[in-house]
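Working notes, beginning with the structure itself.
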Amino acid sequence: MTLDSLPGAPSGEVAVERPAPGRPHAGKVFAAVQAHADDISFFCAGTIAKLIAEGYTGYLIQTTNDDKCGPTPSLGETILSNERDVAVLAGALGLKQVFNLGYRNHFLDGESPLELRCRLIFLFRLLKVDTVLTFNPWGFGERNPDHWVTGQAVAAASWMAGMDKDYPEHFAAGLERHSVREWYYWVARGGQPFNRVVDVSEHVETMVAAMSANKAQGPAGSTGSRLKERLAARDLRLPELDGDDGTDETADRQYIRLFMLDDYRELGRAYGVDCAEAFYYMGPKGTSRVDEYIARHAVPLR
Ligand SMILES: [Zn+2]
């Protein structure tokens, strides 16, 4: 992923989701489904922090093993370093559990769509997932097959998990059908639509921690400390990177605060808040016309 993605393209009337008092989402469950270790960090870390603060329980599902993106030539070490980063990311965001599905990086479009969908249906039923955050399944401008395949599998599994004839052996094993009711499709590329911006101003430091977790890949995780090293080789120093304690972790986080938050702040400014993330959101439609008609016209049977 890259940050050329924000702020995307407004679609219709854009709603601003503001911080909600109390814990209005207590008892609800979301799954953030990413293809790669660094997706969630850039697309929805602030929103995840907000939803958990408002009562949600959150899970992370990752479809690929990231074997192509890491600091060493070894595929095995690359997988392991990304897997460790994702565990740190989940801890920083307060997610309850991580499920690594382990498909090969960049090749998700060659995997069985039915197997991926079945695995997601199992997890949505097991975890009783009400809400998903993931890639837009019809993502305009998307060039990474791992992204659109992940989004499409999540979209299909979301409603099939609520059907009573799909994978009946799940019910024999004690699971119940369970439909996803809300979708937050994040903006991964410029031009992708959004109809909701989430005010994440209170969660900027969690976003910084999430971006910093991705040491193995991505444009943020260890960039600050590497820049500090390169400058030192030229007998130079950026005092802002040193922070209070001069550690590598501080340099990484200071770099993110200095250079990686501009798009989120620009999007926020456009909608009257300090910092925001954009989504194409779909949720419950409210009362149907039939229900309204019944409420107005139904009379007692006898
Ligand atoms: Zn990605």
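The values are calculated or read from the model by the stated rules, or taken from the named source; none is laboratory data. Because the structure is a prediction, the values reported are computed rather than measured. Reconstructed Cβ throughout: ideal geometry from the backbone, glycine too, with neighbour counts over all protein chains shown. Each accessible area value is taken on the protein alone, full model and side chains, heavy atoms only, with ligands, DNA and RNA left out. Shrake-Rupley method; radii C 1.70, N 1.55, O 1.52, S 1.80 Å.
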(message) Considering only region 7-15, I want to know if a residue exists there that is open to solvent by 10 Å² or more (accessible area, probe 1.4 Å), assigned to a loop (DSSP other than H, G, I, E, B) and either more than 16 Å from the ligand (Cβ to nearest atom) or at pLDDT below 95 (or both).
(response) yes
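Conditions (1) in a helix (DSSP H, G or I); (2) surrounded by 12 or more Cβ atoms within 10 Å (Cβ to Cβ); (3) without any contact (Cβ under 8 Å) to a residue 40 or more places away in the chain; (4) within 20 Å of the chain's Cα centre (by Cα), marked per residue:
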{"residue": "LEU258", "(1), (2), (3), (4)": "yes, yes, yes, no"}
{"residue": "TYR264", "(1), (2), (3), (4)": "yes, yes, no, yes"}
{"residue": "LEU267", "(1), (2), (3), (4)": "yes, yes, no, yes"}
{"residue": "VAL273", "(1), (2), (3), (4)": "no, yes, no, no"}
{"residue": "VAL290", "(1), (2), (3), (4)": "yes, no, yes, no"}
{"residue": "PRO300", "(1), (2), (3), (4)": "no, no, yes, no"}
(message) Exactly one of these conditions fails for SER41: (1) more than 13 Å from the ligand (Cβ to nearest atom); (2) assigned to a helix (DSSP H, G or I); (3) open to solvent by less than 10 Å² (accessible area, probe 1.4 Å). Give me its number.
(response) (1)
(request) Find all pairs meeting these conditions: Cβ atoms under 7 angstrom apart; at least six residues apart or on different chains; first residue within region 37-48 and acidic (Asp, Glu); second residue open to solvent by less than 10 Å² (accessible area, probe 1.4 Å) and more than 10 Å from the ligand (Cβ to nearest atom). (result) ASP38/ASN214
(request) With respect to GLY27, determine if the residue is surrounded by fewer than 24 Cβ atoms within 10 Å (Cβ to Cβ), away from the ligand (no atom under 16 Å from the Cβ) and among the small types (Gly, Ala, Ser). (result) yes
(request) Looking at (1) surrounded by fewer than 24 Cβ atoms within 10 Å (Cβ to Cβ); (2) of a type outside the set (Asp, Glu); (3) at pLDDT below 95; (4) assigned to a loop (DSSP other than H, G, I, E, B), find the lone condition where LEU175 falls short. (result) (3)
